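Peer 1: Before we start, here is the structure in question, set down as structure tokens.
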Number of protein chains: 2
Amino acid sequence: MIDLYELAGADPALRFSPYCWRIRMALAHKSLNAKLIGWHYGDKRLPGGNTTVPVLVDDGQVIGDSTAIAIHLEQKYAEGPSLFGDEGSMAHVRFIVAWTDTILQPALFPLLGAEVIKHVKPAQQGYYRQTREQRLGTTLEKAAAGAVQHTSTALAAMAPLRSVLADEDFLGGVEPSYADYAVFGAFQWYRVLGAPELLNADDPVHAWRERMLELFDGLALEAKVAA
Amino acid sequence: MIDLYELAGADPALRFSPYCWRIRMALAHKSLNAKLIGWHYGDKRLPGGNTTVPVLVDDGQVIGDSTAIAIHLEQKYAEGPSLFGDEGSMAHVRFIVAWTDTILQPALFPLLGAEVIKHVKPAQQGYYRQTREQRLGTTLEKAAAGAVQHTSTALAAMAPLRSVLADEDFLGGVEPSYADYAVFGAFQWYRVLGAPELLNADDPVHAWRERMLELFDGLALEAKVAA
């Protein structure tokens, strides 16, 4: 039995965390079912003393941190399709995950912070605002007001993604890999929060995002989106 | 017999092209020897109608474009250690190559353009200046004067590199892959041009660069550096 603790909005059906989406997709890649348990900022009682989601509890074994969870799934469910490929490939995937963490998601965050806070439980909005505004160096609302510039920066940061996806169906080649799920998590975060379309229709990243949304019988496509 | 046409400075011993260094390292990875043929901007007579270096001529077969050359070496010399790993891994490597092309090298170029032109033959300096200043949107010298800001931008752009290399010896894991050679080409470009140290001694990228310089009996370490 597998439990996945994942971030939920004040509306518990709204699941927007990019890190949690990485694991939802990785579970589907391995054809595994998990019980999804919503968690809110400020909720206590995550298993194993973890303070952030996702947290996976697999037959009593507690794993926190999305990359550690993905590696656990790869090793424990080795008979399923591989998430990482061979050993060298895993290091390459870690670069793409690190790029998502350090470049892509920070480039998207100024466009999203003022949306996220609407879906944080009122009691936790102060905490959320304080920590995120410190990271941004400005208020959530001022960051959102700079959307034209931030959109331009985010689209420029996607250059390596665009370059590969002009030639390949997935970052993993003919099949998606964990690299695809890590990057897609950022786009699903953006989408679930109901943010305006970012990509031009002729952008190879747009076509790839459509392919990702259709995987696993539309798993990501059917997720609830903020009104 | 393999010939490699690569960019040479006005001093023909000075070989600074990042794309050519990718192939020098890839040849060494496959334990292949090549005759190195210097080429200058404006020189004619590259084989096969190519207009940029590197160009590889392998037993009469002409291949231009560094990625195409690397794929050729991988396929023709399949018995040697792999440059790319399995098929999925190749797509992941292409992301890292694309990141080098679209993010890392453009971040370093403002720091280097005014150095490169010193090593371009006088007759070609006008061409070089015109094309590069158009790309920069400013003069080579004004870009160089903004070195503090450009250095800060380049170091920030290296975040995913730093993150992976804190845990792994190479981008390819325990052994270098073509991803390492692609990224290293940018650092060797910087180094051969005699530009000032960019990395802090405690940066994981610094330790990795040292490992790269020592590969293949110090192949890159022993390259001539601009005075």
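Peer 1: Can you list the helices (runs of 4 or more DSSP H) found entirely within segment B:124-227 that contain at least 1 residues being open to solvent by less than 40 Å² (accessible area, probe 1.4 Å), within 14 Å of chain A (Cβ to nearest Cβ) and among the hydrophobic types (A, V, I, L, M, F, W, C)?
Peer 2: B:147-157, B:159-165, B:178-192, B:204-218
Peer 1: Just to be sure before I move on: is B:V120 under 18 Å from the mean Cα position of the chain (by Cα) and among the β-branched types (V, I, T) in the structure I sent?
Peer 2: Taking the combined requirement at face value, the residue satisfies it.
Peer 1: Let me ask something else about it. For segment B:80-97, state whether one or more residues are touching a residue at least 12 places away in the same chain (Cβ under 8 Å), within 20 Å of B:L4 (Cβ to Cβ) and within 9 Å of chain A (Cβ to nearest Cβ).
Peer 2: Taking every residue of segment B:80-97 in turn, at least one turns out to be touching a residue at least 12 places away in the same chain (Cβ under 8 Å), within 20 Å of B:L4 (Cβ to Cβ) and within 9 Å of chain A (Cβ to nearest Cβ).
The values are calculated or read from the model by the stated rules, or taken from the named source; none is laboratory data. All values reported here derive from a predicted model rather than from experimental measurement. Because the Cβ atoms are built from the backbone with ideal geometry, glycine has one as well, and the counts that use them run over all protein chains shown. Remember, those area values only see protein heavy atoms, side chains included, never the ligands or the DNA or RNA. Shrake-Rupley method; radii C 1.70, N 1.55, O 1.52, S 1.80 Å.
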